[in-house]
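Q: I'd like to ask you about the structure that follows.
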Amino acid sequence: MTDTPTFRSDVTVELVKHSASDTDVLWAARVSTAGEQSLEEISKDPERSKGLINYLMRDRHGSPFEHNSMTFFVSAPIFVFREFMRHRVGWSYNEESGRYRELEPVFYLPGEDRKLVQRGRPGKYEFVDGTPEQHAALGKTMEDSYRQSYAAYQELLAAGIAREVARATLPVGLFSSMYATCNARSLMHFLGLRTQHEQARVPSFPQREIEMVAEKMEAEWARLMPLTHAAFNANGRVAP
(Lines give C-alpha, C1' and ligand atoms only; values in the text may rest on other atoms or scores of the structure.)
Protein backbone atom coordinates (compact mmCIF):
# COMPACT_ATOMS: atom_id res chain seq x y z
CA MET A 1 0.00 0.00 0.00
CA THR A 2 1.33 3.44 -0.95
CA ASP A 3 0.08 6.81 0.24
CA THR A 4 1.32 8.57 -2.93
CA PRO A 5 -1.73 9.44 -5.06
CA THR A 6 -2.04 8.29 -8.65
CA PHE A 7 -4.15 10.33 -11.07
CA ARG A 8 -5.97 8.84 -14.06
CA SER A 9 -8.11 10.23 -16.87
CA ASP A 10 -9.08 6.84 -18.32
CA VAL A 11 -11.22 3.89 -17.23
CA THR A 12 -10.66 0.12 -17.37
CA VAL A 13 -13.14 -2.35 -18.85
CA GLU A 14 -12.18 -6.00 -19.30
CA LEU A 15 -14.41 -8.83 -20.48
CA VAL A 16 -13.46 -11.55 -17.99
CA LYS A 17 -15.90 -14.28 -19.02
CA HIS A 18 -18.88 -14.75 -21.26
CA SER A 19 -21.42 -17.10 -22.74
CA ALA A 20 -22.71 -14.88 -25.52
CA SER A 21 -23.15 -15.29 -29.26
CA ASP A 22 -25.71 -14.55 -31.94
CA THR A 23 -26.66 -18.23 -31.99
CA ASP A 24 -27.93 -17.86 -28.41
CA VAL A 25 -30.55 -15.44 -29.73
CA LEU A 26 -31.50 -17.69 -32.64
CA TRP A 27 -31.71 -20.78 -30.44
CA ALA A 28 -34.03 -19.04 -27.98
CA ALA A 29 -36.23 -17.51 -30.67
CA ARG A 30 -36.73 -20.63 -32.78
CA VAL A 31 -37.80 -22.87 -29.93
CA SER A 32 -41.18 -21.16 -30.01
CA THR A 33 -41.87 -22.31 -33.58
CA ALA A 34 -39.50 -25.19 -34.31
CA GLY A 35 -38.91 -26.78 -30.94
CA GLU A 36 -35.41 -27.78 -29.90
CA GLN A 37 -32.78 -27.52 -32.64
CA SER A 38 -29.05 -28.13 -32.79
CA LEU A 39 -26.63 -25.22 -33.17
CA GLU A 40 -25.63 -26.64 -36.54
CA GLU A 41 -29.21 -26.44 -37.77
CA ILE A 42 -29.59 -22.93 -36.39
CA SER A 43 -26.40 -21.62 -38.00
CA LYS A 44 -26.64 -23.17 -41.47
CA ASP A 45 -28.43 -20.20 -43.12
CA PRO A 46 -26.57 -16.96 -42.30
CA GLU A 47 -28.94 -14.65 -44.19
CA ARG A 48 -31.95 -16.17 -42.49
CA SER A 49 -30.23 -15.78 -39.14
CA LYS A 50 -29.46 -12.13 -39.83
CA GLY A 51 -33.06 -11.52 -40.89
CA LEU A 52 -34.51 -13.18 -37.82
CA ILE A 53 -32.35 -11.18 -35.43
CA ASN A 54 -33.28 -7.97 -37.23
CA TYR A 55 -36.97 -8.90 -37.06
CA LEU A 56 -36.76 -9.59 -33.34
CA MET A 57 -35.03 -6.27 -32.75
CA ARG A 58 -37.32 -4.28 -35.01
CA ASP A 59 -40.55 -5.65 -33.55
CA ARG A 60 -39.15 -5.61 -30.00
CA HIS A 61 -39.36 -9.30 -29.18
CA GLY A 62 -36.89 -8.92 -26.36
CA SER A 63 -36.68 -12.18 -24.42
CA PRO A 64 -34.46 -14.08 -26.93
CA PHE A 65 -31.73 -11.50 -26.25
CA GLU A 66 -31.62 -12.49 -22.56
CA HIS A 67 -30.22 -16.04 -23.01
CA ASN A 68 -26.56 -15.04 -22.76
CA SER A 69 -24.17 -13.60 -20.22
CA MET A 70 -21.17 -11.25 -20.10
CA THR A 71 -19.08 -10.39 -17.03
CA PHE A 72 -16.94 -7.27 -17.11
CA PHE A 73 -14.28 -6.02 -14.71
CA VAL A 74 -14.64 -2.26 -14.44
CA SER A 75 -12.32 0.23 -12.77
CA ALA A 76 -13.68 3.77 -12.71
CA PRO A 77 -14.41 6.68 -10.35
CA ILE A 78 -17.02 6.08 -7.67
CA PHE A 79 -19.38 8.66 -9.19
CA VAL A 80 -19.53 6.52 -12.34
CA PHE A 81 -20.61 3.50 -10.31
CA ARG A 82 -23.36 5.45 -8.62
CA GLU A 83 -24.81 6.24 -12.03
CA PHE A 84 -24.17 2.67 -13.18
CA MET A 85 -26.26 1.18 -10.40
CA ARG A 86 -29.32 3.00 -11.61
CA HIS A 87 -29.39 0.09 -14.07
CA ARG A 88 -30.88 -2.75 -12.04
CA VAL A 89 -32.89 -5.05 -14.33
CA GLY A 90 -30.68 -7.73 -15.85
CA TRP A 91 -27.53 -6.58 -14.04
CA SER A 92 -25.53 -8.01 -11.14
CA TYR A 93 -22.76 -6.12 -9.35
CA ASN A 94 -20.02 -6.86 -6.86
CA GLU A 95 -17.88 -3.84 -5.94
CA GLU A 96 -14.71 -3.70 -3.87
CA SER A 97 -15.45 -2.80 -0.25
CA GLY A 98 -13.93 0.02 1.74
CA ARG A 99 -15.19 -1.74 4.86
CA TYR A 100 -12.86 -4.69 4.43
CA ARG A 101 -9.78 -3.34 2.65
CA GLU A 102 -7.70 -0.18 2.71
CA LEU A 103 -8.52 1.79 -0.40
CA GLU A 104 -5.76 2.69 -2.88
CA PRO A 105 -5.09 6.41 -3.59
CA VAL A 106 -6.09 6.38 -7.26
CA PHE A 107 -8.11 9.42 -8.34
CA TYR A 108 -9.81 10.76 -11.43
CA LEU A 109 -8.59 13.85 -13.25
CA PRO A 110 -10.40 14.84 -16.46
CA GLY A 111 -8.24 14.67 -19.56
CA GLU A 112 -7.52 17.66 -21.74
CA ASP A 113 -10.26 16.60 -24.16
CA ARG A 114 -12.94 16.60 -21.43
CA LYS A 115 -15.46 19.41 -22.06
CA LEU A 116 -15.70 21.49 -18.87
CA VAL A 117 -18.26 24.27 -19.32
CA GLN A 118 -22.03 23.74 -19.27
CA ARG A 119 -24.15 26.19 -21.25
CA GLY A 120 -27.92 26.39 -21.08
CA ARG A 121 -30.46 25.07 -18.64
CA PRO A 122 -31.16 21.47 -17.54
CA GLY A 123 -32.86 19.58 -20.33
CA LYS A 124 -31.52 21.97 -22.94
CA TYR A 125 -27.81 22.48 -22.49
CA GLU A 126 -24.49 21.62 -24.05
CA PHE A 127 -20.94 21.17 -22.85
CA VAL A 128 -18.11 23.09 -24.45
CA ASP A 129 -14.34 23.06 -24.12
CA GLY A 130 -12.79 24.83 -21.17
CA THR A 131 -9.97 27.32 -21.47
CA PRO A 132 -6.37 26.34 -20.66
CA GLU A 133 -6.73 28.37 -17.47
CA GLN A 134 -9.84 26.43 -16.44
CA HIS A 135 -8.12 23.11 -17.09
CA ALA A 136 -5.11 24.19 -15.04
CA ALA A 137 -7.29 25.41 -12.16
CA LEU A 138 -9.32 22.22 -12.22
CA GLY A 139 -6.26 19.99 -12.15
CA LYS A 140 -4.59 21.85 -9.29
CA THR A 141 -7.75 22.10 -7.17
CA MET A 142 -8.67 18.44 -7.65
CA GLU A 143 -5.15 17.21 -6.91
CA ASP A 144 -4.93 19.34 -3.76
CA SER A 145 -8.34 18.10 -2.59
CA TYR A 146 -7.49 14.47 -3.28
CA ARG A 147 -4.17 14.66 -1.44
CA GLN A 148 -5.80 16.30 1.57
CA SER A 149 -8.67 13.83 1.76
CA TYR A 150 -6.40 10.79 1.43
CA ALA A 151 -4.03 12.16 4.08
CA ALA A 152 -7.03 12.53 6.42
CA TYR A 153 -8.06 8.94 5.63
CA GLN A 154 -4.56 7.69 6.49
CA GLU A 155 -4.49 9.69 9.72
CA LEU A 156 -7.76 8.15 10.87
CA LEU A 157 -6.60 4.64 10.05
CA ALA A 158 -3.34 5.25 11.93
CA ALA A 159 -5.40 6.40 14.92
CA GLY A 160 -7.23 3.08 14.97
CA ILE A 161 -10.46 4.24 13.33
CA ALA A 162 -12.32 1.49 11.46
CA ARG A 163 -11.95 1.48 7.69
CA GLU A 164 -15.70 1.72 7.20
CA VAL A 165 -15.73 4.99 9.17
CA ALA A 166 -12.48 6.50 7.88
CA ARG A 167 -13.53 6.07 4.25
CA ALA A 168 -16.12 8.83 4.72
CA THR A 169 -13.31 11.37 4.18
CA LEU A 170 -12.73 10.13 0.61
CA PRO A 171 -14.25 11.80 -2.49
CA VAL A 172 -16.34 10.33 -5.30
CA GLY A 173 -13.38 10.87 -7.64
CA LEU A 174 -11.66 7.90 -5.99
CA PHE A 175 -11.35 4.87 -8.27
CA SER A 176 -13.25 1.74 -7.33
CA SER A 177 -13.59 -1.60 -9.11
CA MET A 178 -16.38 -4.09 -9.65
CA TYR A 179 -17.58 -7.09 -11.58
CA ALA A 180 -20.70 -6.30 -13.61
CA THR A 181 -22.67 -9.11 -15.26
CA CYS A 182 -25.44 -8.56 -17.79
CA ASN A 183 -27.16 -10.02 -20.82
CA ALA A 184 -27.40 -8.42 -24.26
CA ARG A 185 -30.86 -7.00 -23.66
CA SER A 186 -29.87 -5.23 -20.44
CA LEU A 187 -26.64 -4.03 -22.06
CA MET A 188 -28.57 -2.56 -24.99
CA HIS A 189 -30.78 -0.63 -22.59
CA PHE A 190 -27.67 0.66 -20.83
CA LEU A 191 -26.05 1.69 -24.12
CA GLY A 192 -29.20 3.45 -25.29
CA LEU A 193 -29.05 5.72 -22.24
CA ARG A 194 -25.30 6.02 -21.66
CA THR A 195 -23.93 6.71 -25.14
CA GLN A 196 -24.46 9.37 -27.75
CA HIS A 197 -24.66 7.91 -31.24
CA GLU A 198 -25.64 9.20 -34.65
CA GLN A 199 -27.91 6.20 -35.26
CA ALA A 200 -29.84 6.58 -32.01
CA ARG A 201 -33.55 7.15 -32.53
CA VAL A 202 -33.89 8.64 -29.06
CA PRO A 203 -31.16 11.15 -28.10
CA SER A 204 -29.24 10.68 -24.88
CA PHE A 205 -26.90 13.00 -23.01
CA PRO A 206 -24.74 10.86 -20.73
CA GLN A 207 -21.98 12.12 -18.50
CA ARG A 208 -18.77 11.56 -20.41
CA GLU A 209 -17.12 9.32 -17.81
CA ILE A 210 -19.86 6.67 -17.83
CA GLU A 211 -19.97 6.92 -21.62
CA MET A 212 -16.28 5.98 -21.65
CA VAL A 213 -17.17 2.77 -19.81
CA ALA A 214 -20.15 2.12 -22.08
CA GLU A 215 -18.07 2.51 -25.24
CA LYS A 216 -15.56 -0.08 -24.06
CA MET A 217 -18.34 -2.51 -23.13
CA GLU A 218 -19.99 -2.03 -26.49
CA ALA A 219 -16.76 -2.82 -28.33
CA GLU A 220 -16.48 -6.17 -26.52
CA TRP A 221 -20.15 -7.00 -27.09
CA ALA A 222 -19.96 -6.12 -30.80
CA ARG A 223 -17.14 -8.62 -31.18
CA LEU A 224 -19.13 -11.38 -29.48
CA MET A 225 -22.52 -10.76 -31.11
CA PRO A 226 -21.95 -8.88 -34.38
CA LEU A 227 -25.39 -9.62 -35.91
CA THR A 228 -27.18 -8.50 -32.77
CA HIS A 229 -25.05 -5.39 -32.50
CA ALA A 230 -25.69 -4.51 -36.16
CA ALA A 231 -29.45 -4.95 -35.69
CA PHE A 232 -29.33 -2.76 -32.58
CA ASN A 233 -27.75 0.03 -34.61
CA ALA A 234 -29.99 -0.45 -37.63
CA ASN A 235 -33.11 -0.15 -35.48
CA GLY A 236 -32.25 3.08 -33.72
CA ARG A 237 -30.30 1.70 -30.75
CA VAL A 238 -33.48 1.05 -28.80
CA ALA A 239 -33.42 -2.02 -26.56
CA PRO A 240 -36.10 -4.58 -27.57
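Q: Quick one: what pairs do we get from the stretch 15-33, first residue under 10 Å from T228 (Cβ atoms), second modelled with pLDDT of 90 or more and basic (K, R), C-beta under 9 Å, 6+ apart or different chains?
A: Short answer, once both residue conditions are applied: D22/K50.
Q: Among the listed residues T195, T181, which satisfies the condition of being of a type in the set (V, I, T) and out of contact with any strand residue (DSSP E or B) (no Cβ under 7 Å at 6 or more places or on another chain)?
A: Working: T181 fails: out of contact with any strand residue (DSSP E or B) (no Cβ under 7 Å at 6 or more places or on another chain).
Criteria check complete, one pass: T195.
Q: Tally time: how many residues in the stretch 190-210 are aliphatic (A, V, I, L, M) and over 11 Å from the mean Cα position of the chain (by Cα)?
A: Filtering the stretch 190-210 for residues aliphatic (A, V, I, L, M) gives 191, 193, 200, 202, 210.
From the residues that got through so far, the ones that are over 11 Å from the mean Cα position of the chain (by Cα) too are 200, 202.
So the count comes out to 2.
Q: Take the residues of the stretch 145-156 that are touching a residue at least 24 places away in the same chain (Cβ under 8 Å) and surrounded by fewer than 17 Cβ atoms within 10 Å (Cβ to Cβ): which is nearest to G173 (Cα to Cα)?
A: That would be S145.
Q: Which of (1) in contact with a strand residue (DSSP E or B) (Cβ under 6 Å, 6 or more places away or on another chain); (2) more than 19 Å from R8 (Cα to Cα) does G123 not meet, given it meets every other one?
A: Condition (1) is where G123 drops out.
Q: Can you say whether F232 is touching a His at 6+ places or on another chain (Cβ under 9 Å) and not polar (S, T, N, Q), as far as the supplied structure shows?
A: No, not satisfied.
Q: Right, here's the next one. Can you tell which of V74, V89 is touching a residue at least 60 places away in the same chain (Cβ under 8 Å), under 18 Å from T181 (Cα atoms), part of a loop (DSSP other than H, G, I, E, B) and β-branched (V, I, T)?
A: V89
Q: State which residue is nearest to F79 (Cα to Cα) when the search covers only the stretch 199-238 and only residues that are small (G, A, S) and buried (at least 20 other Cβ atoms within 10 Å of the Cβ).
A: A214
Q: Need pairs with beta-carbon distance below 6 Å; first residue touching a residue at least 40 places away in the same chain (Cβ under 8 Å) and within the stretch 213-240, second among the acidic types (D, E) and part of a helix (DSSP H, G or I); sequence gap 6+ or separate chains.
A: M225/D22; L227/D22; T228/D22
Q: Within the stretch 182-212, which residues are under 14 Å from E83 (Cα atoms), free of Cβ contacts under 8 Å to residues at least 60 places away in the same chain and of a type in the set (D, E)?
A: E211, the sole residue that qualifies.
Q: Also, I was wondering about something else. When only residues in the stretch 83-126 that are at pLDDT 95 or above and of a type in the set (S, T, N, Q) count, which is farthest from P171 (Cα to Cα)?
A: Result: S92.
The values are calculated or read from the model by the stated rules, or taken from the named source; none is laboratory data. Every value quoted in this text rests on a predicted model; they were computed, and no experiment measured them. Using ideal geometry, Cβ is built from the backbone for each residue, glycine included, and neighbour counts are taken over all protein chains shown.
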